[in-house]
Amino acid sequence: MFTVDIKSDVGQVGVETTHNRGFTPEELSVDCANKIISISQSADPVLRQQAEAFKSQIQQIVLYYMKQSAKSERTTIYNLLLNAGEASLAEHIRRL
Amino acid sequence: MAFSGNYMCTSFKTELMTATHNFPNSTGNTFKLALYDNSASFTAATTAYTTSNEISGSGYSAGGGTLTNVTPTSSSTTAFTDFDDLTFSTATITARGALIYNDTAAGDPSVVVLDFGGDKTSTAGDFKIVMPTADATNALIRIA
C-alpha cells in the first residue's frame, strides 16, 4: 500500500496598533524591509551579519522615499485646501 | 469560550480538494479578514464566517477587510500562499483574533483562524495585521 503524507501549517501573524495617530515612516519602513528581506535564524553567522547590514540599508532607503512621499502628499493637500479657500487649514497642513 | 491558537480549518483542507478556493492575485477569489472578541470560540472545526462575536467600532465594518492575495508558489517541496498586510485606518477597536474566509465562495467558507494572543486595541489610529513573509518557512498557508 502506498501513502503520501502532507503537512499543512499556519504562519504567525502580528498586530501593530497606534493611538491617536497613524504609523510613522520609521515604523512602516521597518515592516517594509522585513517584507523584502527575510533572514533565516539558521543562516551562517557571517552571511547573517551581511544580510542584516543590507537590510538596514534597504530600510534607510525606503524610509527616505516614504518621507519624500509624505511631504509631496502634504504639498498636494495644501494646494487643494488653498484652492478651496481654506487658507488657514492649508497652513496647518504645511506646518506638519 | 475563547481563542485557543491558530488553526487551518479542516473544512478548508477538504475544500482544497474540491476546488472551492482560488488564490491567485488578480484572478483569484476575494478573501476577507474579520475581527472578533475573545467570546468567539473558533477552532479547526470552524467552517464559515459568522457575525457572532464579531467586533464593532469606528473604522470597522461587519465582514471585515478585503485581503490582497499573494499568488501561490512553491519552494523545494513546500507550496505556499499569503496575503498582504491589512490595515484598518482611523479605527477605534479592540480585537482578540481573526477569521480569514472566502467571500467569493458560497457560504463564506473559513480558511484560517488567527489568535492574536491577547486583546489588541487602536484608538483613533491604525490597526494593522502584519502577515508573515511569503516564503516556504513563514508564509501564512503552507503545504509541505
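Once you have the Kirkwood Rh of the protein assembly as shown from its Cα pairs, apply Stokes-Einstein at 25 °C and 0.890 mPa s and quote D in µm²/s.
Values: Rh = 20.0 Å.
Calculated translational D: 123 µm²/s.
Using the Karplus curve 6.51 cos²θ - 1.76 cosθ + 1.60 with θ = phi - 60°, work out ³J(HN,Hα) for each residue of segment B:127-135 in order, rounded to whole Hz, and write x for Gly and Pro.
My calculation for segment B:127-135 gives 10, 10, 8, 9, 7, x, 4, 7, 9 Hz in order.
Which order do A:M1, B:M8 fall in if you start with the one that has the fewest other Cβ atoms within 10 Å?
Numbers: A:M1 2, B:M8 20.
Ascending Cβ contact count within 10 Å gives the list A:M1, B:M8.
With springs only between Cα atoms under 10 Å, which of B:V70, B:V112, B:V130 fluctuates most in a Gaussian network model of chain B?
B:V130
How many angstrom lie between the C-alpha centres of segment A:62-86 and segment B:36-68?
Taking the Cα centre of segment B:36-68 as reference, the centre of segment A:62-86 is 35 Å away.
How high is the relative contact order of chain A, in percent, with contacts defined as C-alpha pairs under 8 Å that are six or more residues apart?
Working: 38 pairs, mean separation 22.0, N = 96.
Across chain A, relative contact order equals 23 percent.
Just want the ordering: A:E26, B:E15, from fewest to most Cβ atoms lying within 10 Å of their own Cβ.
Fewest-to-most ranking of A:E26, B:E15: A:E26, B:E15.
Quick one: net charge around A:Y78, please, counting Lys, Arg +1 and Asp, Glu -1 for every other residue with C-beta under 9 Å from its C-beta.
Details: positive: A:R74, A:R94; negative: A:E91.
Combined, the nearby Lys, Arg, Asp and Glu give +1.
Rank A:Q59, B:S26, B:T66 by how far each Cα sits towards the positive end of the charge dipole of the protein assembly as shown (+1 on Lys, Arg Cβ; -1 on Asp, Glu Cβ) and give me just the farthest.
A:Q59
If the chain between A:I39 and A:R95 were fully stretched, how many nm would it gain, using 0.36 nm times the residue separation less the Cα-Cα distance?
Numbers: separation 56, 0.36 × 56 = 20.16 nm, distance 3.94 nm.
Net length gain for the segment: 16.2 nm.
With springs only between Cα atoms under 10 Å, which of A:R48, A:R21, A:R74 fluctuates most in a Gaussian network model of chain A?
Greatest mean-square fluctuation among the candidates belongs to A:R21.
Using the alpha-carbon atoms, what tilt in degrees (0 to 90, nearest 10) does helix A:45-83 show relative to the longest principal axis of chain A?
Tilt relative to chain A: about 30 degrees.
Taking θ = phi - 60°, what integer Hz values does the Karplus form 6.51 cos²θ - 1.76 cosθ + 1.60 yield along segment B:21-30, in sequence order, with x for Gly and Pro?
Computed from phi, the couplings for segment B:21-30 are 10, 9, 9, x, 4, 8, 10, x, 6, 8 Hz.
Length gain on complete extension for the stretch A:T3 to A:T76, per 0.36 nm per residue less the alpha carbon to alpha carbon distance? Provide the component values of the computation, followed by the final result.
Numbers: separation 73, 0.36 × 73 = 26.28 nm, distance 6.20 nm.
Additional length available on full extension: 20.1 nm.
Setting aside same-chain residues fewer than 8 positions from A:K7, which lysines have a Cα under 20 Å from its Cα?
Output for A:K7: B:K13.
What angle do you read, to the nearest 10 degrees and between 0 and 90, between the alpha-carbon axis of helix A:25-36 and the longest principal axis of chain A?
For helix A:25-36, the angle is close to 30 degrees.
Only the coordinates and a few stated rules stand behind these numbers; no lab work does. Values in this document were obtained by computation on a predicted structure and should not be read as measured data. Methodologically, a virtual Cβ is constructed for each residue, glycine included, from the backbone with ideal geometry; neighbour enumeration extends over all protein chains shown.
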